[in-house]
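For reference, the structure is listed below as structure tokens.
The values are calculated or read from the model by the stated rules, or taken from the named source; none is laboratory data. Since the model is a prediction, treat every value here as computed from it, not as a measurement. All Cβ positions, glycine included, derive from the backbone under ideal geometry; neighbour counts span all protein chains shown.
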Amino acid sequence: MFKFCTFTFVTVLTVDLLATSGDITLTWTSPILPKLYSTDPNINPLNRPITSDEESWIGSLTNIGAIIGPLPFGYLSEKLGRKFSLLCISIPYIVSFTVLALVHNLYWYYFARFLAGISEGAGCSLLPLYIAEIAEDANRGMLSVTLNIFWTLGNLIPYVLGPYMPIFWFNFTLACLPALFFVLFLIIAPESPYYLIRKNKIDKAEESLMKLRSRNRSAVGKEIINISNSINQDHNGAFTDLFKTRANLKALTISLTLVIFQQLSGINAILSYTQLIFEVSGSDIPPEISSIIIGLVIFFSSLIIPFFADRLGRRIFLMVSSSAMMISLATVGSYFYLKDTVLLEVSPFSWLPILSLVLFIVAFNFGFGALPWTISSELFPVNVKSIGTSLVSFTCWLVSFIMTKFFNKLNDAFGKAGTFWLFSGFCFIATLFTLFCVPETKGKSFSDIREILEK
């Protein structure tokens, strides 16, 4: 039975609103790109259809911003605090969606997508970090993976609203979410006790923990001591410290490899081009309806893992997730091989792409959606945690940019079948890596995890 303070849970839910704003930017392209190809000025605010090259930039510029975002915001979180940094992250989202609602110029679209990407990359780095630092060891995994529920809610919203709303009202609605986060988080959330203790603000750290645990000062004293002992084991971290100890190097290697495989599964490319994928698949189901089905599956499948992440552990979920993704992607690849290469009549199997991608999404949410970020926030010691998670997020979005920008190029080079088979092969390697290299962090304190990595 999970036990956690109501105030901590409410704080986490408030933080999760920022995660929703982030993943909206990933699937925003799915309903909007078909509109930008339209010649109807009532549908397309750009007054002309975009080209395929312009489409690729609209889809991938978010990733370029996300590559940059973790670095300045990681620095900001160390200097001015986790709370201040998270509040700052919401501002580019608000500006981005407002620009997309009001401005009818392609280059402003590029700017807005890039700006949203900065916040997306920073959020992936700092959101798991903040939750890991305010949660207790016993429920850290469960609270951390609630991020995935709200990330997937962000995936769903564009699928549901985008095809049926004018671009102006769609983007104006999206801008309300980060604005709501800013107000609620400013009022509700305390600063991370880990950050406060590192800055020798012990009294404020005690006040933060008293709120988070709903306990008096004497009751949180033991946790203050444990956090202080954990922090005192390390000097203030620098980038080079990531490579100086066996534990830090292993933490970095494992975290980087997991997020690289997360992106090599093709997840962001598939989410960005969902509606266009179904348009070329020959499915009898309308593409916008197929996208909504995918979005609903993404969201509801994400509700499962929080109840088991602190019971069954991280490794089993990662291995089941990557194995099932491998099978699902191989099936989609086989469908396109029969359709495009063998030229077989596949209309009796037109349901297969959507079923396979539904299973792929379920499998992704079962492990590789949230757990690489959870594990990353757990493996790094406190003194290099923000530096390490920023580097992990930087790498993740660099790979995501490559996959999204060149998704159509991969299709041209290998065919749709070869592209999906390539993604499937990466998922197979990810299974082997998890089996042999990833330690179990379930229910362990940060000190325990460090001891495991030092062995």
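Answer yes or no: is there a residue in the stretch 184-194 that is under 30 Å from residue 32 (Cβ atoms), part of a helix (DSSP H, G or I) and out of contact with any strand residue (DSSP E or B) (no Cβ under 8 Å at 6 or more places or on another chain). Checked against the condition, which is being under 30 Å from residue 32 (Cβ atoms), part of a helix (DSSP H, G or I) and out of contact with any strand residue (DSSP E or B) (no Cβ under 8 Å at 6 or more places or on another chain), the stretch 184-194 yields at least one hit. One residue stands out among those in the stretch 366-413 that are of a type in the set (Gly, Ala, Ser) and touching a Pro at 6+ places or on another chain (Cβ under 6 Å): the one that is surrounded by the most Cβ atoms within 10 Å (Cβ to Cβ), which is 393. In the stretch 109-128, the residue that is surrounded by the fewest Cβ atoms within 10 Å (Cβ to Cβ) out of those that are closer than 15 Å to residue 371 by Cβ and in contact with a Gly (Cβ under 9 Å, 6 or more places away or on another chain) is 127. When we screen 395, 389 for residues that are closer than 30 Å to residue 193 by Cβ, touching a Ser or Thr at 6+ places or on another chain (Cβ under 6 Å) and among the β-branched types (Val, Ile, Thr), the only hit is 389. Note on the stretch 45-89: residues that are in contact with a Leu (Cβ under 7 Å, 6 or more places away or on another chain) and among the basic types (Lys, Arg) amount to 1. When the helices (runs of 4 or more DSSP H) confined to the stretch 227-332 are screened for residues that are over 24 Å from residue 62 (Cα atoms), out of contact with any Gly (no Cβ under 9 Å at 6 or more places or on another chain) and at pLDDT 75 or above, those reaching at least 2 such residues are found at 246-264, 287-301. Is at least one residue of the stretch 341-355 within 26 Å of residue 161 (Cβ to Cβ), at pLDDT 80 or above, crowded, with 23+ Cβ neighbours inside 10 Å and more than 17 Å from the chain's Cα centre (by Cα)? Within the stretch 341-355, none of the residues are within 26 Å of residue 161 (Cβ to Cβ), at pLDDT 80 or above, crowded, with 23+ Cβ neighbours inside 10 Å and more than 17 Å from the chain's Cα centre (by Cα). In a residue-by-residue description of the stretch 414-429, the property of being within 18 Å of the chain's Cα centre (by Cα), crowded, with 20+ Cβ neighbours inside 10 Å, assigned to a helix (DSSP H, G or I) and not hydroxyl-bearing (Ser, Thr, Tyr) applies to at least one position.
Contact map, the stretch 236-261: residues that are surrounded by fewer than 17 Cβ atoms within 10 Å (Cβ to Cβ) paired with residues that are of a type in the set (Asp, Glu) and in a helix (DSSP H, G or I), Cβ distance under 8 Å, separation 6+ or inter-chain. Pairs shown: 245/454; 246/454. Cβ-Cβ contacts under 8 Å between residues 6 or more apart (or on different chains), taken from a first residue in the stretch 68-94 that is surrounded by fewer than 19 Cβ atoms within 10 Å (Cβ to Cβ) to a second residue that is modelled with pLDDT of 90 or more and of a type in the set (Val, Ile, Thr), are listed as 68/118. Residues in the stretch 186-226 that are under 28 Å from the mean Cα position of the chain (by Cα), among the polar types (S, T, N, Q) and at pLDDT below 85: 208 only.
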